[in-house]
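Everything below concerns the one structure shown next.
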Amino acid sequence: MGATLGSAKLTGGIQRARAILLWPQAVGPEIARITRPRTQQGGTLFIEVRDSATAHHLSMQRHHFLKALNALLPDAPLTELRFGVGTVREPTAPVAVAPLPAPDRARARELVQDVPDDLKSAALRAAEAITRARKWREEQGFRPCPVCGEASREQPCRACTLTLDDPNVRRAARALMRHPERLEGLRDTLGNSGVQAARFLALRQLEEQLELLALECVRSGEGGGYQGFLAEQAALYLTLLLSRPRAALKRSDRAYLPERVRHVLNASD
């Protein structure tokens, strides 16, 4: 079948049709209801919405939709999503939509707090649809990705797994282990996803080092000389984890440390 389709030059068209057909499954019923995937050109999928406010708001969240859609298209991943104003038909039958819980409604309002008043109503509908889509994915068995926080069956999600393997991200993670205060300065070179991945790697490696140091402290006792080094590494870990200057760390922040590390530090005071 593949050879036949290839000889008839239909393979590309079928791949484009797959992206359009899989759009509702990737984004969930709420986003699918207010959007219409129109066409694919190269690695870009063009999606129509009813108004410019919705198009703008969904564009700001497009990397989340791109991750979900590419997880269903491993053989022909997309590189970009473009939202524009077009014709989106109303559903033939009314869709019963349960009200969002109060915390989710508050989160949706936060997403549109900087939107001008004349566009806020449309933007809020889009924000609520995004929130409902995330909840729908979680109900399908997805869990928050430990790197980006988006619902995913894979842990980390497929997009973050690729980012974690980036040599530039790994190099940045090693630098953050020594200088966590440089985190924000990496956004211009790595972007938000790269910064999230570098922070995740650095925290994971720092946590492994802390566990080993705590074990050495227990084995060697107070004369081993590891307690001071453990306290230094713990401060680096908390600075990166809490995004707080080292000078602003408090003793109560040790609650965020791994349990064994916390017990060793408290015992050495």
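Throughout, read-outs are computed from the coordinates displayed, never taken from laboratory work. Since this is a predicted model, take the numbers as computed values, not measurements. When we count neighbours, we look across all protein chains shown, and the Cβ atoms used for this are built from the backbone with ideal geometry, even at glycine.
Top mean-square fluctuation among L240, L206, L215, Gaussian network model of the chain, C-alpha springs under 10 Å? Most flexible of the set in this elastic network: L215.
Screening the chain for whole DSSP H helices of 15 Å or more along their axis (Cα) with average Kyte-Doolittle hydropathy at least -0.5 returns 11-27, 187-220, 227-242.
Ordering L257, S193, N168 by Cα displacement along the dipole of region 166-268 toward the positive end leaves S193 in first place; charges were set at the Cβ atoms of Lys, Arg (+1) and Asp, Glu (-1).
Here the contact order of the chain, divided by its residue count and restricted to Cα pairs under 8 Å and six or more residues apart, works out to 12 percent. Taking Cα centre as origin and charging only the Cβ of basic (Lys, Arg, +1) and acidic (Asp, Glu, -1) residues, the dipole magnitude of the chain rounds to 500 debye. A full extension of the chain between R105 and H63 corresponds to an added length of 12.9 nm, given 0.36 nm per residue minus the alpha carbon distance.
Computing percent of Cα pairs over 25 Å apart directly from the structure and comparing it against (i) 38; (ii) 59; (iii) 42 singles out (ii).
Here H57, H263 are placed in order of increasing Cβ neighbour count within 10 Å, fewest first, which gives H263, H57. Here's how it looks for S152: its modeled amide H is under 5 Å from those of R143, C145, which are all 5 or more places away or on a different chain. Across region 80-87, coupling constants 3J(HN,Hα) worked out from phi with the 6.51/-1.76/1.60 Karplus curve, θ = phi - 60°, read 7, 10, 10, 9, x, 6, x, 9 Hz, and Gly and Pro carry x.
For I47, the residues whose amide H sits under 5 Å from its own are R38, R82, F83, G84, ignoring neighbours fewer than 5 places away on the same chain, with H placed 1.01 Å from N. Structure remark: mean-square fluctuation, Gaussian network model of the chain, C-alpha springs under 10 Å; the largest value among V195, V85, V147 belongs to V85.
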